[in-house]
């Protein structure tokens, strides 16, 4: 996936999460510090139903735009869902798991993009 496509997908993902009332959504540019992906999108849901809805919305909106995940882990009933689109890796947590895994700290060297930068 090209960097411009990854950025477009990251914006789609962040909006899909926000549309489901996801909290503390961050798009972190990591391409300069890791070969894993161009972007991580990290978001939190308040409960299991919300995190499942966020995951469904991310996959549905990405599919409509022509992007399908390469791999999904932890969906349906998990406190952390990972959706790997190759250039964009999505992490949807419940509040407890987000604090435990603390990806915000681990990837602090990445650049957090603003909504304006994604538009």
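We did not get these values from a lab; they are worked out from the coordinates using the rules stated. Bear in mind that the values here come from a model prediction, so they are computed numbers and not experimental data.
The table that follows gives values for the structure above.
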quantity: Among beta bridges that DSSP assigns inside the range 3-118, antiparallel share in %, nearest 5; calculated: 70
quantity: For the chain: Kirkwood Rh in Å [reciprocal of mean 1/r, alpha carbons]; calculated: 13.8
quantity: Stokes-Einstein D (µm²/s) once Rh is taken as the Kirkwood radius of the range 63-104 over alpha-carbon pairs, at 20 °C in 1.002 mPa s; calculated: 193
quantity: Anisotropy class of the range 1-68 from Cα gyration tensor, a/c 1.5 cut; calculated: oblate
quantity: Full-stretch length increase - residue 86, residue 111 - with 0.36 nm per residue and alpha-carbon distance subtracted; calculated: 7.2 nm
quantity: Over the chain, relative contact order from alpha-carbon pairs under 8 Å, at least 6 apart, %; calculated: 30
